[in-house]
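Read through the structure below, which is laid out as structure tokens, and then see the notes.
The values are calculated or read from the model by the stated rules, or taken from the named source; none is laboratory data. If you're wondering where the values come from, they're calculated on a predicted model, not measured in any experiment. Note that we place each Cβ from the backbone using ideal geometry, even for glycine, and neighbour counts take in every protein chain shown.
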Amino acid sequence: MGIRYRCLVLDHDDTAVKSTPEIHYPSFVKALSVLRPDMEPFHLEEFILHCFEPGFSELCKDVLKLSDEEQEYQYKVWLDYTRKVPEFYPGFTDFLAEYRKLGGIITVVSHSESQRIERDYRAHCSIIPDLIFGWELEAHQRKPNPYPVNEIIKRYGLKKSEVLVVDDLKPGLVMAKRCGVEFAAAGWSHSIEKIRNYMMENADYYFPTIDKLREHVIQD
């Protein structure tokens, strides 16, 4: 038994843990109820589609045109909601424990904060990621910018062929493409047709279940 990649670069929200429906979406609706009280509330699917493209930061700055002060308020509301610890998708932690046992390097690149990500892993998983790149980084260091993957490659002396990025949304795919590493779409997190079709066409791999991801990564 072996592994196809030396390193996994994992998204967190809606790839490892199911957090958008219970944390990120309701916090955003709550913030907008104060910041944009006359605006029709986003539906969950609309919110996910905006996070898919153009991305959450662009949604705040370019679509809703939130000022710096308004973005700070939205951030504080979000922090309050993230006190809740989300559950991992069934089978994900077992897959990671098996991968780590076989010598794999586990990293996370996310738009959540590193301390929250580590908290989630400590609460529900037998392993802690080797390296985490979270929202607390400067904007140019967050995905879809190539900085996190390039740093991971440099830190561990990896070849690009030894890295697999796993994410449910477009920013992760764009980051992987910019870095020249393979990308696997996490198809188990939601079933929005536009996202599924895009990922099936543009990702190197599309996995509808965590078991399918495991079959690809771990070579029995």
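The table that follows gives values for the structure above.
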item	result
Number of positions in the range 165-182 that are more than 9 Å from the chain's Cα centre (by Cα), assigned to a helix (DSSP H, G or I) and under 16 Å from Phe207 (Cα atoms)	2
Scan of the range 183-200 for residues that are surrounded by 15 or more Cβ atoms within 10 Å (Cβ to Cβ), free of Cβ contacts under 8 Å to residues at least 24 places away in the same chain and either assigned to a helix (DSSP H, G or I) or in contact with a Gly (Cβ under 8 Å, 6 or more places away or on another chain) (or both), ordered by number	Phe183, Arg196
Residue check for Val149: surrounded by 20 or more Cβ atoms within 10 Å (Cβ to Cβ), closer than 16 Å to Ala16 by Cβ and touching a strand residue (DSSP E or B) at 6+ places or on another chain (Cβ under 8 Å)	no
The range 201-212 - residue that is under 19 Å from Val181 (Cβ atoms) and out of contact with any helix residue (DSSP H, G or I) (no Cβ under 7 Å at 6 or more places or on another chain) and, of those, surrounded by the fewest Cβ atoms within 10 Å (Cβ to Cβ)	Glu201
Every residue from the range 24-58 that is outside any helix (DSSP H, G or I) and of a type in the set (Lys, Arg)	Arg36
Among residues of the range 125-136, those that are at pLDDT 95 or above and surrounded by fewer than 17 Cβ atoms within 10 Å (Cβ to Cβ), counted	2
